[in-house]
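A quick write-up on the structure given underneath.
The values are calculated or read from the model by the stated rules, or taken from the named source; none is laboratory data. Just so it is clear, the model here is predicted, and its values are computed rather than measured. Neighbour counts run over all protein chains shown; Cβ positions are idealised from the backbone, glycine included. When the accessible area is computed, the model is the full protein with side chains, heavy atoms only, and any ligands, DNA or RNA have been set aside. Shrake-Rupley method; radii C 1.70, N 1.55, O 1.52, S 1.80 Å.
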Amino acid sequence: MWDENDLRHTAKRDFRRLAITLILQEIVLLGSAYSIQHLLISYWKDQNPAVTASELYDRLWNTGMDMIAASLLGFAVVMLLLGSRLRRRSPGERMGPRQFLLALVGINGMQFLATIVTIPIERIVERAGYSLEQATEASTGTSATASMFLYSIIIAPMVEEVVFRGAVQRWLEPWGRGFALITSAVLFGLMHNNLVQLPVAFACGLLFGYIAQRFSLRASIAAHAANNMIVELIGLLPDDWNIVWAVYSVAMLLCAAYLLYWCLTRSEALLRWCRGSGLPVVHWFLTSVPVLLLLTIYILRTLGSAMPA
């Protein structure tokens, strides 16, 4: 029978490995992205010396080749170091079409509610003399090329779900299902490095994590991909389609109402679902030096999305 000291030592070891893995992933992501960007810029400039810096930036942003390659390399790092717990021990429930549709309704409702949180964040940032205009553009922009569209609806959902709902969440589940769900959602939100996107990404991370725990990782990947597809299609609507936008706003409001109703009617079940193990795992997690380093990196990069006004 293990005592608390043995459990603390094992938990700290797990948390340390998780944090080091995500730090290495961040290093690989940044290093490979910058390297690929440099190679592409050099190639394009050799092909056309008259190309301007703004044209190069737009071309990089639209093709997304650096993002695609970097995300896959970072994915490989996480799978190598945390993939041993990816397979769940017992099968989850089967997600049928009705449950999948209701999951999408809940995800859109969660996004609507989380977007409200960004309003005071924007006000605080503006009063501090900074702007979130670029962060807003980055979080709401749609794909301009086939490669970015492919990244948005296939590569990003697969990579992000396998990493955060698969490797990260399941790595933490021995220390509490609720702890794993919330922690992976926090890390998922911070990973986007965008103050505007943080509340929405955290909120969606909670729902994707719940779907992965209750149903399967495949279900959360499918829900994530479908949600990204909806965002891409909505982004194609012309700004002057006022009636369509009004209908969309009402639909999002109804989604939020359904989500609140669902949570209120299942509050006891959800609390049981997220009940902790009784161990001080949050304290152990937040007193791990690699975890603190990881959180510092994520938070500083997220705050960096606010640009001087």
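Before moving on, here are some points about what is shown:
- Carbon/sulfur fraction of accessible area - the chain, other protein chains in place, 1.4 Å, %: 65
- Relative frequency of Cα-Cα separations exceeding 23 Å in segment 1-103, percent: 57
- Principal axis analysis of the Cα atoms in segment 144-269 yields extents of 51, 39, 27 Å, listed in decreasing size.
- Lys/Arg +1, Asp/Glu -1 at C-beta; the chain dipole; positive extreme among Leu56, Gly92, Val77: Gly92
- ³J(HN,Hα), Karplus 6.51/-1.76/1.60, whole Hz, each residue of segment 223-231, x for Gly, Pro: 5, 5, 5, 5, 5, 5, 4, 4, 4
- Nearest-10 value in Å² for the accessible area of Met158, using the 1.4 Å probe: 70
- Surface analysis of the chain yields an accessible area of 55 Å² per residue, using protein heavy atoms and a 1.4 Å probe.
- Two-site FRET efficiency, Arg214 against His283, from Cβ-Cβ distance with R₀ of 45 Å, rounded to 0.05: 0.95
- Placed amide H near Tyr130: partners under 5 Å, 5+ positions off or other chain: Ala309
- Tail beyond 22 Å, pair distance distribution of segment 52-132 (Cα, percent): 69
- Cα gyration tensor category, rounded, prolate or oblate, for segment 214-309 with a/c compared to 1.5: oblate
- Euclidean distance between Cα centres, segment 121-159 to segment 28-105, Å: 14
- When peptides 237-248, 293-304, 69-80, 270-281 are sorted by average Cβ neighbour count within 10 Å, with the highest value leading, the order is 69-80, 293-304, 270-281, 237-248.
- Solvent accessible area, Å² - Phe179, 1.4 Å probe, full protein context: 20
- Chymotrypsin sites (Phe, Trp or Tyr not before Pro) restricted to segment 1-68 and DSSP loop, no more than 16 other C-beta within 10 Å: Trp2
- Dividing the helix sum by the residues of the chain, where each DSSP H run of 4 or more adds -39500 (n - 2.57), gives a mean residue ellipticity at 222 nm of -24500 deg cm²/dmol.
- Whole-number D in µm² s⁻¹ for the chain, Kirkwood Cα-pair radius fed into Stokes-Einstein, 20 °C, 1.002 mPa s: 102
- Here the contact order of the chain, divided by its residue count and restricted to Cα pairs under 8 Å and six or more residues apart, works out to 29 percent.
- Between Arg88 and Leu72, the modelled label-to-label distance comes to 2.8 nm, taking each label 7 Å out from Cα in the direction of the beta carbon.
- FRET efficiency estimate (nearest 0.05) - Cβ-Cβ, Asp46 to Phe100, R0 51 angstrom: 0.60
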